[in-house]
Structures are given as C-alpha cells and as structure tokens.
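S.K.: Below is a structure I'd like to ask you about.
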Amino acid sequence: MAAKRFWFQDASLTARVLSEGGPQIVGCGVPPFYYRRRSWKPQILAETMETVVCRVDGMTDTWLHPQIAGLLTEEYVRRWIPRRDTVQALIGQLVGQYAGSIIRQYGEVVVLLGKPADTDWQMEMTRELLLPYLPRINRLLIFYEEVAETDIWMELGNHLDEYYYEYGLVPQLEPYTETFRCGKAKCGGMILDYCEQFRYPKIIPESIAVYIDTVSAGEKEELLKRKTPQIPYISPLKYLDTMVKNSYDKKM
C-alpha cells in the first residue's frame with residue numbers, strides 16, 4: 001500500500017546526453033505507467049520533468065513527445081512547446097545530415113507550405129535552411145494554399161526576389177488542388193513539408209529523394225511508405241525519439 005500511495009510522489013526521471021559536439025541534446029525517457037498500469041497524474045509528471053530540466057546545465061528548450069503530451073493536460077503541454085528558432089536549428093541539422101548531399105548532387109528542392117497565416121516565417125525559414133545549397137539549386141518548386149483575392153506573386157514577392165537577384169533562381173509556384181493535394185507536378189530531391197496533413201506529392205519513382213516533415217505528424221510516415229516506399233521519411237520528432245531509444249538500448 002505504501003508503494004501504491006507514494007510511488008508517483010517519489011518518482012524521478014534520468015536525463016542522458018545524446019549528442020557529441022555542437023549543441024547538446026539531452027534525452028529523458030518517461031515510462032507511461034508506474035504501478036499496475038496506473039497512469040501518471042498530469043501535475044506530478046509535469047513537475048517531475050521540470051525537475052529533470054532544472055538539473056541540466058545550459059538547457060534552453062524542450063521538445064515533448066506526443067505520447068507524453070497525452071498524459072498531460074493542455075495547460076502543462078503549453079509549457080513544453082519548443083521555440084521556432086529551436087525547431088529551425090534542429091531541422092537545419094537534419095537537412096545537412098540527410099538531404100545536403102542530395103541537394104548538391106541533384107539541385108532540386110520541393111517546399112510544401114502549410115497554413116497561409118504562417119507563410120512568411122515558413123519562407124524565411126526555408127531560405128535560411130537552403131543558404132548553404134543555393135548555388136547548386138536549379139529547381140525550387142513551392143506548393144501553396146490558395147486564398148481568395150490574394151496574388152501569391154505579390155504575397156511572396158520579397159522572398160522570391162532574393163532567389164532571383166542573388167542566385168538567378170526563379171521558383172516555380174503551384175497551388176494545391178481542391179482536395180489539398182500536390183497535383184501532377186513532379187517532385188524530387190529534398191521535399192520540405194510544413195503542412196499539418198500529408199499532401200501526397202507526386203514523387204518521381206526513379207528519383208533520389210528525402211522527405212523532411214517539419215511538423216512531425218506521425219501518420220505521414222505511414223502514408224509516404226504506402227505511396228513511395230523507397231523514399232526515407234525524416235522528422236525532428238522521429239530523430240530525437242530514435243536517439244533516446246538508442247541511448248537507452250545501449251544502457252541495457
């Protein structure tokens with residue numbers, strides 16, 4: 001009875017360094033149940049995780065796994081939303097690690113823009129991510145969601161001008177279809193996705209490509225495998241989750 005009564009109050013989590021060199025990435029596995037399949041209480045879990053964060057020197061931001069978010073209330077989940085610059089830094093690392101050589105070799109990038117309200121920061125982030133590769137890019141295809149009475153060329157004018165005047169690159173703009181899919185335009189190289197839902201890009205079967213999902217929507221991986229099984233799916237969440245699991249497997 002004592003264990004059942006006090007187990008959660010005495011629970012502690014362990015943080016482990018997952019990265020070597022560069023920004024330090026620390027992983028913290030959270031068992032979903034502790035006593036006879038009894039769930040964590042949201043407040044106790046949040047407080048326990050915050051204790052772990054306070055023990056890590058230089059911790060600047062956090063990334064919460066959706067399964068752990070499911071154990072918390074919305075109030076506590078909001079405390080763990082990563083900043084946009086953190087998201088961009090991690091995606092930049094993934095682009096360099098998984099897509100950099102593909103971009104340099106094939107010179108193709110496809111961007112799937114998400115919510116129109118976020119277009120500006122998505123375009124700014126895309127340019128920052130592509131800066132190391134722009135001299136080698138010869139095709140930049142951008143899909144966007146049409147908004148009534150909005151001229152996309154005017155809307156994106158400042159962003160597009162930078163590509164043209166500095167690199168002689170004229171991006172190709174394609175609206176999503178009425179069903180919010182990518183239509184018939186062929187995609188290859190790096191596919192950078194900002195959408196909440198899978199947009200079914202038409203990936204050339206024989207092409208070398210990599211799909212990077214910036215929002216880490218788990219169902220996209222399964223849909224991509226069904227549609228184009230040879231194309232690797234990369235996301236910040238999958239990357240961090242794999243690092244945590246590998247770290248714990250090595251400790252076993």
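Just so you know, all these numbers are worked out from the coordinates, no wet-lab data involved. Just so it is clear, the model here is predicted, and its values are computed rather than measured. Quick reminder, even Gly has a Cβ in these numbers, built from the backbone with ideal geometry, and neighbours come from all protein chains shown.
S.K.: Could you compute how fast region 84-238 diffuses translationally, taking Rh as the Kirkwood radius over C-alpha pairs and applying Stokes-Einstein at 10 °C with viscosity 1.306 mPa s? Give it in µm² per second.
M.R.: Taking Rh from Cα pairs, D becomes 102 µm²/s.
S.K.: Still on this model: Would you mind calculating the gained length between residue 78 and residue 243 on full extension (0.36 nm times residue separation, minus the Cα-Cα distance), in nm to one decimal?
M.R.: 57.0 nm
S.K.: Right, another one. Could you list, bin by bin from short to long, the percent of Cα-Cα pairs of region 49-161 in 10 Å steps?
M.R.: 11, 32, 29, 21, 7, 0
S.K.: Sort 76-86, 129-139 by packing, meaning the average of other beta carbons within 10 Å per residue, with the highest value first.
M.R.: Output ranking for 76-86, 129-139: 129-139, 76-86.
S.K.: Taking the Cβ of residue 172 as the center, what net charge do the other residues with Cβ under 15 Å away carry, scoring Lys and Arg +1 and Asp and Glu -1?
M.R.: With Lys, Arg at +1 and Asp, Glu at -1, the neighbours total +2.
S.K.: Among 89-96, 179-186, how do they line up from the highest to the lowest mean number of other beta-carbon atoms within 10 Å?
M.R.: Values: 89-96: 18.4, 179-186: 13.6.
Highest mean packing first, the order is 89-96, 179-186.
S.K.: Do the alpha carbons of any pairs in 115/245; 115/225; 184/245; 184/220; 41/115; 220/245 sit beyond 29 Å of each other, and which pairs?
M.R.: 115/245; 184/245; 41/115
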